[in-house]
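Participant: Shown below is the structure under consideration.
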Amino acid sequence: MSNHNWKLSPSDFAFLWEECKRRFYLKLASGFQRPRPPMPKIFGKIDSEMKKFFAHKRTETVLSTLPQGVVEYGDKWVQSEALTVPGHVPTVFIRGRLDTVLKLDDGSYAVVDFKTAETKSEHIPLYARQLHAYALALEKPAPGKLSLKPVSRLGLLVFEPAAYSNDVRGNAVLSGSLEWIEIVRDDGSFLKFIAEVLNTLELEVAPGGSPSCEWCAYRDTARRTAL
């Protein structure tokens, strides 16, 4: 596959890649999709309501620590041109749907992901890969795709639910903290990560499954029992 142009989805850069390189390889190299894990609809509902609430607002009216600007774009599909990676002949292109882009007062842009999670979650650093991917796709878009540059800021807007209340009329409120977590842009480190991804995709056969991968463990157990 020396001349291959791999399509990479930013949504795979966190959990799928970290959980199991084998499933990542099978999805991209063989088109073998992993079973979709159950995702409570409530998280999608919270995400949707946050986007609607923030749309077109000045950032200082949302949270004082946000970069100053306007919430300009939301739920946009992006796709990059073919990107070269040092040390590799195959190229990659990034395609995915970003959460939100802020148009900052200095004329640049900030890519933002909304998360409903613990602000101290160990998963927070993994989301940096997604943000870097979206930034590159916006700055180096495929012909006809969304182009915004320069992207000067990256970050997460994290809602951590903490309290519930309701009144006798049946109106309920889920409240908590809202925190801006800045992600320092480091394209060099991101390209090293993409090179690691290509090292895996260029293997002749799929790598072994991760010992912690529940899907691989289930597959192996089922094969041993021959049910």
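The values are calculated or read from the model by the stated rules, or taken from the named source; none is laboratory data. Just so it is clear, the model here is predicted, and its values are computed rather than measured. Here the Cβ is made from the backbone with ideal geometry for all residues, glycine too, and neighbour counts use every protein chain on show.
Participant: From the list PHE32, PHE53, PHE43, exactly one residue is closer than 24 Å to VAL197 by Cα and of a type outside the set (Gly, Ala, Ser). Which is it?
Facilitator: The unique qualifying residue is PHE32.
Participant: Which of the residues spanning region 126-148 are in a helix (DSSP H, G or I), touching a helix residue (DSSP H, G or I) at 6+ places or on another chain (Cβ under 9 Å) and modelled with pLDDT of 90 or more?
Facilitator: Hits for region 126-148 are ALA128, ARG129, GLN130, LEU131, HIS132, ALA133, TYR134, ALA135, LEU136, ALA137.
Participant: Checking SER152 against (1) over 27 Å from LEU16 (Cβ atoms); (2) under 19 Å from the mean Cα position of the chain (by Cα); (3) at pLDDT below 95, only one condition comes out false. Which one?
Facilitator: For SER152, the failing item is (3).
Participant: A further question on this structure: Can THR119 be described as surrounded by fewer than 21 Cβ atoms within 10 Å (Cβ to Cβ), in contact with an Asp or Glu (Cβ under 6 Å, 6 or more places away or on another chain) and either of a type in the set (Ser, Thr, Tyr) or on the phi > 0 side of the Ramachandran plot (or both)?
Facilitator: Yes, satisfied.
Participant: Another question about this same structure. Going through region 156-188 one residue at a time, which ones are in a helix (DSSP H, G or I) and over 16 Å from the mean Cα position of the chain (by Cα)?
Facilitator: Within region 156-188, just GLY188 meets the criteria.
Participant: Would you please name the residue that is modelled with the lowest pLDDT, looking only at residues in region 197-227 that are among the acidic types (Asp, Glu) and exposed (fewer than 13 other Cβ atoms within 10 Å of the Cβ)? Full working, then the answer.
Facilitator: Just the residues of region 197-227 that are among the acidic types (Asp, Glu), to begin with: 202, 204, 214, 220.
Now restrict to residues that are exposed (fewer than 13 other Cβ atoms within 10 Å of the Cβ): 204, 214, 220.
Values: GLU204: 90, GLU214: 81, ASP220: 76.
Taking the candidates together, the pick is ASP220.
Participant: From the set of residues in region 175-201 that are touching a Ser or Thr at 6+ places or on another chain (Cβ under 9 Å) and in contact (Cβ under 8 Å) with a residue 40 or more places away in the chain, which is nearest to PHE32 (Cα to Cα)?
Facilitator: Checked region 175-201; the qualifying residue nearest to PHE32 (Cα to Cα) is ARG185.
Participant: Also: Would you mind stating whether TYR134 is aromatic (Phe, Trp, Tyr) and either buried (at least 24 other Cβ atoms within 10 Å of the Cβ) or on the phi > 0 side of the Ramachandran plot (or both)? Before the answer, list the steps.
Facilitator: Working: aromatic (Phe, Trp, Tyr): yes; either buried (at least 24 other Cβ atoms within 10 Å of the Cβ) or on the phi > 0 side of the Ramachandran plot (or both): yes.
Spelling it out, TYR134 is indeed aromatic (Phe, Trp, Tyr) and either buried (at least 24 other Cβ atoms within 10 Å of the Cβ) or on the phi > 0 side of the Ramachandran plot (or both).
Participant: Give the residues of region 71-92 that are aromatic (Phe, Trp, Tyr) and surrounded by fewer than 18 Cβ atoms within 10 Å (Cβ to Cβ), sorted by residue number.
Facilitator: Result: TRP77, single match.
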